[in-house]
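To keep things clear, I will list the structure first and then write my remarks on it.
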Amino acid sequence: RPMGSPAERRGLEFAARTFREYGCDTSYIMEMDRTSRANTKSGIAIGIKRGTSKRIIVLGGHMDSAGPSIPGADDDGSGSAVVMELARCFGGGHPSSTLLFCCWGGEEQGLEGSQYFVDHFPEIDSVVLMLQVDMANGLGTIDLDPDVYGRSAPRWLVKAAVEEFTSLGYSNLRYPTHF
């Protein structure tokens with residue numbers, strides 16, 4: 001599913017439709033016709049479950065894949081599937097924070113989809129937390145990376161993630177400290 005391909009488009013349409021079916025108040029594809037690298041027909045599938053506050057929590061995975069030598073089902077069809085499953089789990093509820101489910105296009109081309117989202121989402125200043133799911137096959141080591149690009153995850157979130165994984169019996173966690 002390379003950026004701008006018919007396969008990526010079908011995936012984005014499937015995600016938007018799934019978000020709607022699972023109870024999101026709004027779902028659509030944020031069209032992305034130009035990136036810093038190329039003209040494209042890519043986009044971002046977005047599902048919004050409105051909460052009672054103005055706070056927004058973004059849950060994301062990327063829909064595109066890098067190419068035939070890298071298994072797109074893992075990188076990152078698995079992350080997109082987790083995001084859609086989270087929409088199913090939370091779609092029927094009444095959250096206090098607005099939940100924004102995103103399946104990015106163009107991530108394998110230099111984070112183009114998420115950058116486009118940050119530059120064009122009208123409520124970006126209300127985002128208080130973003131959780132990215134990438135390669136969620138459960139087979140390997142999970143790297144807890146709380147400081148991606150200099151934007152730190154809250155300490156409580158890292159602690160809660162470790163506690164949850166440990167309670168599930170998962171022992172392949174790695175917390176890199178060499179950065």
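Note that the stretch 91-132 presents 46 Å² accessible area per residue, ligands and nucleic acids not counted, probe 1.4 Å. Here the simple spin-label model places points 7 Å from the Cα toward Cβ, and for H94 and S171 these points are separated by 4.4 nm.
Extending 7 Å from the Cα toward the beta-carbon at both L139 and R20 defines two label points whose distance is 3.5 nm.
The values are calculated or read from the model by the stated rules, or taken from the named source; none is laboratory data. Computed from a predicted model, the values in this text were never measured in an experiment. Don't worry about glycine lacking a Cβ; one is built from the backbone with ideal geometry, like all the others, and counts go over all protein chains shown. Heads up: the accessible areas ignore ligands, DNA and RNA and are worked out on the full protein's heavy atoms, side chains in. Shrake-Rupley method; radii C 1.70, N 1.55, O 1.52, S 1.80 Å.
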